[in-house]
Amino acid sequence: GESVGLHLPTLSVQEGDNSIINCAYSNSASDYFIWYKQESGKGPQFIIDIRSNMDKRQGQRVTVLLNKTVKHLSLQIAATQPGDSAVYFCAENSGGSNYKLTFGKGTLLTVNP
Amino acid sequence: DGGITQSPKYLFRKEGQNVTLSCEQNLNHDAMYWYRQDPGQGLRLIYYSQIVNDFQKGDIAEGYSVSREKKESFPLTVTSAQKNPTAFYLCASSPGQGKEKLFFGSGTQLSVL
């Protein structure tokens, strides 16, 4: 989910477990979605993207699921590792311009060894 | 080494002062972007440029200015009109078709003295 104010949603998992990070997007006309990982003090790193003509896409250890009916996006990370600890952002291209991505507020993932 | 270089990493601004943040890319990308990130928040778009000598306002352009005289460079000036400039500033680029992943720099932390 998305945060209110300065308090990020948090997810704490044990090393080796699977993680699922959720995102509710705002615009039913959005047709491009993307997930980024951001470590403290660094720029966001691309994880995976998906277009609205798909409902699932897989990468290395990650899967993105898109449910357009309820405007929901999720990122699944398999066999979570301590190096996966970071803030994860979803973003949507919500129309108006092909170049404008609207970012969610992020979810903090903490992986316990 | 290909990528996006932002400088400086840390910048301090006195009241009434304009400061300029540098962003250079050697990825041969047409599109470049500036985002602002406040603690515990997502990224908000300040300005973007689809091509050299052209740029558009994003969602929070007031108090900022940009130029795009060269393909590789997209400097951001934070003017004295920006009353709350303290934030983490992120520059990004993309190939230029729109609805594509952005490649981010490592950011500049701007603080007010």
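Just so it is clear, none of the values below were taken in a lab; they were calculated from the coordinates. Remember, predicted model here, so these are calculated numbers, not experimental data. No Cβ is skipped: glycine too gets one built from the backbone with ideal geometry, and neighbour counts run over all protein chains shown.
Observations on the model:
- Subset of A:LYS56/B:LYS71; A:LYS42/B:LYS70; A:LYS68/A:LYS105; A:LYS68/B:LYS70 violating a 32 Å alpha-carbon distance limit: A:LYS56/B:LYS71; A:LYS68/B:LYS70
- Neighbour-limited loop hits for GluC sites (Glu not before Pro), segment B:1-76 (at most 12 other Cβ within 10 Å; DSSP other than H, G, I, E, B): B:GLU15, B:GLU62, B:GLU69
- Average other protein chain Cβ within 10 Å of Cβ, residues A:38-50: 4
- Between amide H atoms placed 1.01 Å from N, distances below 5 Å from A:SER97 occur with no residue 5 or more places distant or on a separate chain.
- Cα-based Rg of the protein assembly as shown normalised by 2.2 N^0.38 Å, two decimals: 1.01
- Note that chain B carries a Kirkwood radius of 13.9 Å, evaluated over its alpha carbons pair by pair.
- Which of B:LEU45, A:LEU65, B:LEU102, A:LEU101 has the fewest Cβ neighbours within 10 Å, and the rest in rising order: A:LEU65, B:LEU45, B:LEU102, A:LEU101
- More than 13 angstrom apart: percent of Cα pairs within segment A:66-113: 67 percent
- The modelled label-to-label distance between A:GLN60 and A:ASN22, using points 7 Å beyond Cα along the C-beta direction, is 3.0 nm.
- Restricting segment A:6-51 to chymotrypsin sites (Phe, Trp or Tyr not before Pro) in coil, as DSSP defines it, with at most 10 other Cβ within 10 Å: none
- Average beta-carbon neighbours from other chains, 10 Å sphere, peptide A:98-109: 6
- Per-residue average of Cβ from other chains inside 10 Å of B:93-100: 4
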